[in-house]
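A short worksheet on the structure shown next.
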Amino acid sequence: MPNVTKSILYGLALSVQTASALMLFCVIFPSFHRLFSSLGEPQQIDRGAQLAILFGVTMLQSSYWLRLRWLPVIAPMHSVFFGHVVLFAGRVSFFFGGALFSTIFFRHVPDLEFLPPLGQSVAKAIAVLAILFSLFCYSLELERLGKAIEDQREA
């Protein structure tokens with residue numbers, strides 16, 4: 001496959017991952033805010049938000065694993081400064097996932113007056129872990145790109 005085609009496909013895969021991560025942030029943030037402002041109260045997420053989260057996780061994971069398997073990371077430029085900026089963005093993108101996980105498991109769950117049924121608890125735990133894993137994969141992708149941008153050997 002020619003390098004131009006690989007560059008375009010890499011850009012597309014990274015764009016899908018970025019759009020999916022942004023969508024997850026936008027959909028999850030209101031729920032996160034409600035969760036944090038009403039600790040210990042069971043939270044319900046409407047069906048539309050659930051579908052959006054499922055779609056975002058699916059798109060992010062699909063584009064991540066396809067890129068990882070079939071496309072090399074292609075740096076659009078070589079710059080230590082811009083490499084640092086991308087690495088920083090990768091770390092920041094995972095802060096929200098860590099905050100969500102911490103709020104749910106270390107602050108919210110112990111304050112619950114009653115736990116939901118086991119099946120519902122397992123489904124919610126799997127959903128949170130899928131979101132967290134997706135954000136982790138996206139942060140790894142940005143880390144790989146940042147390192148490739150920093151690499152001066154190819155410049």
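Readers should treat all values here as calculations from the given coordinates under stated rules, not as data from a laboratory. Every value quoted in this text rests on a predicted model; they were computed, and no experiment measured them. Note: ideal-geometry Cβ built from the backbone for every residue, glycine included; neighbour counts use all protein chains shown.
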note = Ordered by fewest other Cβ atoms within 10 Å, a rough proxy for footprinting exposure, 26, 137 read 26, 137
inquiry  = Within a 10 angstrom radius of the beta carbon, how do 27, 16 rank from fewest other beta carbons to most?
reply    = 16, 27
ask   = Which ³J(HN,Hα) values, rounded to whole Hz and listed in residue order, are derived for the stretch 137-143 from phi using the Karplus coefficients 6.51, -1.76 and 1.60 in 6.51 cos²θ - 1.76 cosθ + 1.60 with θ = phi - 60°, glycine and proline given as x?
value = 4, 5, 5, 5, 4, 5, 5
remark   = Exposure-ranked with fewest Cβ neighbours within 10 Å first, 33, 78 stand as 33, 78
inquiry  = I'd like the Karplus ³J(HN,Hα) series for the stretch 123-135: coefficients 6.51, -1.76, 1.60, θ = phi - 60°, whole numbers in Hz, and an x wherever there's a Gly or Pro.
reply    = 4, 5, 5, 5, 4, 5, 5, 5, 5, 4, 5, 4, 5
